[in-house]
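Novice: Dropping the structure in here first, questions after.
What follows is calculated from the coordinates using simple rules that are stated; it is not laboratory data. Because the structure is predicted, anything quoted here is derived from the model rather than measured. Don't worry about glycine lacking a Cβ; one is built from the backbone with ideal geometry, like all the others, and counts go over all protein chains shown.
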Amino acid sequence: MPGLVIRNIPYEIPKLKELSLPDILGTLIEQHNGIILVTGPTGCGKSTTIASLINYINETKASPDLKEQPVPTDSLQKAIDPKRWVPNPTKATWLALVIPGGGQIYNRKYWKLPIFYGGFAGCAYALTWNSKMYKDYSAAYKDAVNGNFNSSTITDLLPPNYNYTESQLTETLRKRKDTFRRYRDLSIFAFIGVYLLSVVDAYVDAELSNFDITPDLSMKVEPAIINSQMTGSSNRNVGVQCSFRF
């Protein structure tokens, strides 16, 4: 026959005196060594007795293990020299956005300035040159379409003693016009790319300026004695082990 057991568990833990337990239990549970066994049939109050004993310990004796332990200082903070310059990543990013190369100056990475300024100068020169050639070939192509093949805009772009038909000349001017327009657009994208790269470099450099590179982060290779348990043999072999420390 199926059965059902219902227990009423009170919210408050009863005291030892409320359970009519002997006073000697208070002395026994204060001992550091030994085992206390609470036995009996089902429903006789074993769990209630154990709960009352634990509550008595918590109320009368503060356990040193429950005290708040001091939080150890992070190894990263130990590795940071307070006298060393540590840039702010947010400030470095804003300076790089407002002034090209400003983030590198703020991070005190002056050796990067010739790289980025050289990139800016190269992109600016390419943009200026391709824009000028695109305008020249656009004007020459417009004159060729209008039938004005003797215009100076066309003759200045052609080599001496050229041998082109009118249709070939028009097609050549159109192709070169489109080519320099594409180069001009690529120069703009390259300039933006160098600008964004300088911003990202300034942020990453400032963010990793306090990165922990202490000896705790290392890879160690050393000889070791390896057990051959996988092969079912009790012999030991000499080998090399590689350990990573994070």
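Novice: Under 14 Å from the Cβ of LEU169, count the other residues' Cβ atoms, weight Lys and Arg +1, Asp and Glu -1, and hand me the total. Don't skip to the answer; put the middle values down first.
Specialist: On the way: positive: LYS142, ARG174, LYS175, ARG176, LYS177; negative: ASP143, ASP156, GLU166, GLU171.
Residues near LEU169 contribute +1 overall.
Novice: Quick one: grab the alpha carbon gyration tensor of segment 108-206, order the square roots of its eigenvalues as a ≥ b ≥ c, and give me rounded if a/c is under 1.5, else prolate or oblate depending on whether a/b is larger than b/c.
Specialist: It is prolate, given that a/c is not under 1.5 and a/b is the larger ratio.
Novice: Could you put ARG182, ARG174 in order, starting from the residue whose Cβ has the fewest other Cβ atoms within 10 Å?
Specialist: So the ranking, lowest neighbour count to highest, is ARG182, ARG174.
Novice: May I ask for the net charge around ALA190, where only other residues with Cβ less than 13 Å from the Cβ of ALA190 are counted and Lys, Arg are +1 while Asp, Glu are -1?
Specialist: Overall, the nearby charge balance is +1.
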